[in-house]
Amino acid sequence: ALAHQGQVRNSGEAYITHPLAVAEILADQRMDGEALCAAILHDALEDTALPRSFIADTFGESVAEMVEGVTKLDKIQFNNRQEADAESFRKMMLAMSRDIRVILIKLADRSHNMRTLSDMPVEKWRRIASETLDIYVPIANRLGLNQTYRELQDLAFRYLRPWRYQVLEKAVMKARSRRRDLLQKLQRDVEGAFKNANLSIHIFGREKTLYSIYQKMGQKHLSFAQVTDIYGMRILVPNLIDCYTGLGILHQLYKPVPGKFKDHIAISKVNGYQSLHTTLVGPAGINVEFQLRTDAMHVVAESGVAAHWMYKTSDPVH
Ligand code: MN
């Protein structure tokens, strides 16, 4: 806070609110003390007079190294998109192989900058949003950071195509409220069927992101009314084998849509994601996509590599 004193964000707030917000995002991912420390200091080397030696002496060498790593990533400049794709990936991966926390700090930094993008001048929105889609979204995906991946995609979409985003947002809200009764009935039916089978589960309604709906419309040349899988539910079960039992229960309850079943448990995705996916034809013919997974699979599905820190409980803070 002392080093950033006098500096302000575009919103007019003190600059330190930004590094603190970045640290908060990482705290939610249960990152360790060193990473949180480096997050709070992440803009200090580049934007303030604070010397590296002060950071190393006060907070330790590995914190100083992380701050330096984030600063180096910030300095990469690209002339065009292809160069950006290849070059940034290479640099990111290099930095990552030394300390993956550098990438996680950089992604949290981008998340907060995207959340506050409306404070930036309008003429900068397009460049920053497409850079987010081209560079940061693929990295979040590669690392299995699904929450970050989805949030960055939706925020980038909002600023790249503001008008389409708004229209789609309204259409989805309307469709969901029109179907609310049916979805509640579906959820009660599913809960009842699992109860009869003596399987205790947690079931959640799941919102598909606007960006994924928008992408589907583009790829398959569909109008919004033709996109059938905007409703989703997620079921968490105690054990791996329960995923398959649960699949049987669902398929007995409602007809599955042919060709929609995917076993990402037996064959997990490259980023570690595991779940069973199936789409059912629910009441009144609405399609609902189900995901079945265990609690442990869920942590990995949402947080990818960051799941590693979620399971560590007593990290010493250096
Ligand atoms: Mn920053």
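Every number here is computed from the coordinates shown, using simple stated rules; none is lab data. These figures come from a predicted structure and were not determined experimentally. FYI the Cβ positions are ideal-geometry reconstructions off the backbone, even for glycines, and counts take in every protein chain you see.
Can you give the relative contact order of region 124-258 as a percent, counting alpha carbon pairs under 8 Å and 6+ residues apart? The partial results should precede the final answer.
Details: 94 pairs, mean separation 29.4, N = 135.
In percent, rounded to a whole number, it is 22.
Among Q184, Q153, Q274, which one moves the most in a GNM of the chain with springs linking Cα atoms closer than 10 Å?
Its mean-square fluctuation being the largest, the pick is Q184.
Going highest first, how would you order 128-140, 208-220 by mean Cβ packing within 10 Å?
Working: 128-140: 19.6, 208-220: 15.6.
Output ranking for 128-140, 208-220: 128-140, 208-220.
Please say if region 208-318 is rounded, prolate or oblate, where rounded means a/c under 1.5 for a ≥ b ≥ c the square roots of the C-alpha gyration tensor eigenvalues, and otherwise the choice is prolate for a/b larger than b/c and oblate otherwise? Don't skip to the end; give the middle numbers.
Numbers: a/c = 2.65, a/b = 1.52, b/c = 1.75.
Because a/c hits 1.5 or more and a/b fails to exceed b/c, region 208-318 counts as oblate.
Mind checking which of H277, M297, A86 is farthest towards the positive end of the chain's charge dipole, using Cβ charges of +1 (Lys, Arg) and -1 (Asp, Glu) about the Cα centre?
The listed residue farthest towards the positive side: H277.
Stretched out fully, how many nm does the piece from R164 to A197 gain, at 0.36 nm a residue minus the Cα gap? Each step should come with its number before you reach the end.
Working: separation 33, 0.36 × 33 = 11.88 nm, distance 4.44 nm.
The span from R164 to A197 would gain 7.4 nm if fully extended.
For K208, give me every one of the lysines with a C-alpha distance below 29 angstrom, ignoring sequence neighbours fewer than eight places off in its own chain.
Straight-distance partners of K208: K106, K124, K170, K174, K185, K195, K216, K220, K255, K260, K262, K269.
Once both labels are modelled 7 Å past Cα along the beta-carbon direction, what's the E61-E46 spacing in nm?
2.6 nm
Quickly estimate the mean residue ellipticity at 222 nm for the chain, helices only: each DSSP H run with n ≥ 4 gives -39500 (n - 2.57), and the total goes over all residues, rounded to 500. Please report the intermediate quantities before stating the final value.
Values: 16 runs with 184 residues, N = 318.
Estimated from H runs of four or more residues: -17500 deg cm²/dmol.
Can you figure out the FRET efficiency of V257 with V122, using R₀ = 41 Å and their beta-carbon distance, to the nearest 0.05? Provide the component values of the computation, followed by the final result.
Working: r = 42 Å, r/R0 = 1.03.
Computed FRET efficiency for V257 and V122 comes out at 0.45.
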